[in-house]
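Comments concern the structure below.
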Amino acid sequence: MGSGQVSRWGPVPAVRSAKPVKAPVYFVQMTNRRLWSYVSLAGMEQHPKISELLSATKVTRDKLVNHPIYRHLHTLEQLQVFMEHHCFAVWDFMSLLKSLQQQLTCTAVPWIPVGDADTRYLINEIISGEESDLDESGNRSSHFELYLRAMEQAGADTFAIRTFIRQLSAGIALAEALKSPAVPGPAQRFVEETFHFIATGQPHIIAAVFTFGREDLIPSLFIEMVRSIPNAEILKYYLERHIAVDGDHHSRLAYRMTARLCGNDEAKWQEATRAAHNALTARLSLWDGIAGKIFKAEMTA
């Protein structure tokens, strides 16, 4: 991709009071690999092409699940480096999701019914959770804002991501804001790749990236992280919520959405498979880049 190109919750917990919301721990306690097998296969029977796509991307997914970075998140200093990069992926998930909302639902006035009702339900439900879920204390918060609080609790530097958001709010173009020296290189490249997918304007491609590069992938990665990270309670709450919701309910709906968008069009399935592979490769590059930063910091410490 050329340098000029600028190419994540679920049902709101049934908690209405201001009492603290305990993070779900069931999934965290299940530490064997069979949990991930269940997560990734949930709903796969909905379309035979889903199985083929998962098979075609298995090698890269396995590299992500078994990445050495999880063995280097045992100290706060290591975790800080990770979060200072990963926050950009937390942020760009919403743009990926919003692009699907624009493509698959009606966001204009006057309103008219658009597309498949199950797909509208999936998109709107996830957006509702992402923008206004309950935090660990029962207060409303977007997941991005929750992650920023988790960074602060862990002592991570939020200057780069906050400056980036201020620039976007001031009308500065995304490509220009990403060029800031404060934005870590691996995070910049990851966001550029995400917006490359969005720029295609093709719902089946964006849905494949969303489904197989985010919803279907995230639980397995976060399971590995929860096992590794030091005491950072807000971050653990954030991770455990994603494990519980994305690993079952949302992943099944996302499989169905992708299958309906691709239908029986072999060309669309091939494009979806390539997009899913490229999204996984982008995540792998992000993990490699963060790991490199952590190793470098350790060598110079």
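The values are calculated or read from the model by the stated rules, or taken from the named source; none is laboratory data. As the structure is a prediction and not an experimental result, all values here were calculated from the model. Cβ atoms come from the backbone with ideal geometry, glycine included; neighbour counts cover every protein chain shown. The protein model used for the area step is the full one, side chains on, heavy atoms only, and it has no ligands, DNA or RNA in it. Shrake-Rupley method; radii C 1.70, N 1.55, O 1.52, S 1.80 Å.
Which of (1) touching a Phe, Trp or Tyr at 6+ places or on another chain (Cβ under 9 Å); (2) under 20 Å from residue 184 (Cα atoms); (3) at pLDDT below 95 is the odd one out, the single condition residue 296 does not satisfy? Of the numbered conditions (1) touching a Phe, Trp or Tyr at 6+ places or on another chain (Cβ under 9 Å); (2) under 20 Å from residue 184 (Cα atoms); (3) at pLDDT below 95, the odd one out for residue 296 is (1). I want to confirm something. Restricting to region 124-148 and keeping residues that are open to solvent by less than 10 Å² (accessible area, probe 1.4 Å) and modelled with pLDDT of 90 or more, which single residue is farthest from residue 233 (Cα to Cα)? Among residues in region 124-148 that are open to solvent by less than 10 Å² (accessible area, probe 1.4 Å) and modelled with pLDDT of 90 or more, the one farthest from residue 233 (Cα to Cα) is 143. Tally time: how many residues in region 178-204 are open to solvent by less than 30 Å² (accessible area, probe 1.4 Å), within 18 Å of residue 286 (Cβ to Cβ) and part of a helix (DSSP H, G or I)? The total comes to 9. The set of residues in region 224-239 that are charged (D, E, K, R) and within 11 Å of residue 74 (Cβ to Cβ) contains only 227.
Looking at region 224-242 only, could you name the residues that are at pLDDT 85 or above, part of a helix (DSSP H, G or I) and among the hydrophobic types (A, V, I, L, M, F, W, C)? Listed by number, the residues that qualify are 234, 235, 239.
Scan region 243-256 and tell me whether some residue there is in a helix (DSSP H, G or I), over 24 Å from residue 116 (Cβ atoms) and in contact with a Lys or Arg (Cβ under 7 Å, 6 or more places away or on another chain).
Checked region 243-256: no residue is in a helix (DSSP H, G or I), over 24 Å from residue 116 (Cβ atoms) and in contact with a Lys or Arg (Cβ under 7 Å, 6 or more places away or on another chain).
The residues of region 74-102 that are among the charged types (D, E, K, R) and either modelled with pLDDT under 95 or open to solvent by 30 Å² or more (accessible area, probe 1.4 Å) (or both), listed by number, are 77, 84, 98. Could you please let me know if residue 172 is in a helix (DSSP H, G or I) and of a type outside the set (Phe, Trp, Tyr)? No: the conditions fail for residue 172.
A quick yes/no check of all residues on (1) within 17 Å of the chain's Cα centre (by Cα); (2) not polar (S, T, N, Q):
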site	(1), (2)
56	no, yes
65	yes, yes
72	no, yes
76	no, yes
86	yes, yes
89	yes, yes
94	yes, yes
99	yes, no
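The residues in region 150-166 that are assigned to a helix (DSSP H, G or I), surrounded by fewer than 17 Cβ atoms within 10 Å (Cβ to Cβ) and either on the phi > 0 side of the Ramachandran plot or not aromatic (Phe, Trp, Tyr) (or both) can be counted, and the count is 6. Looking at residue 286, is it open to solvent by 10 Å² or more (accessible area, probe 1.4 Å), within 19 Å of residue 213 (Cα to Cα), of a type outside the set (S, T, N, Q) and part of a helix (DSSP H, G or I)? No; evaluated as a whole, the condition is false for this residue.
Taking region 103-117 as the range and being surrounded by fewer than 16 Cβ atoms within 10 Å (Cβ to Cβ) and in a helix (DSSP H, G or I) as the test, only 117 passes.
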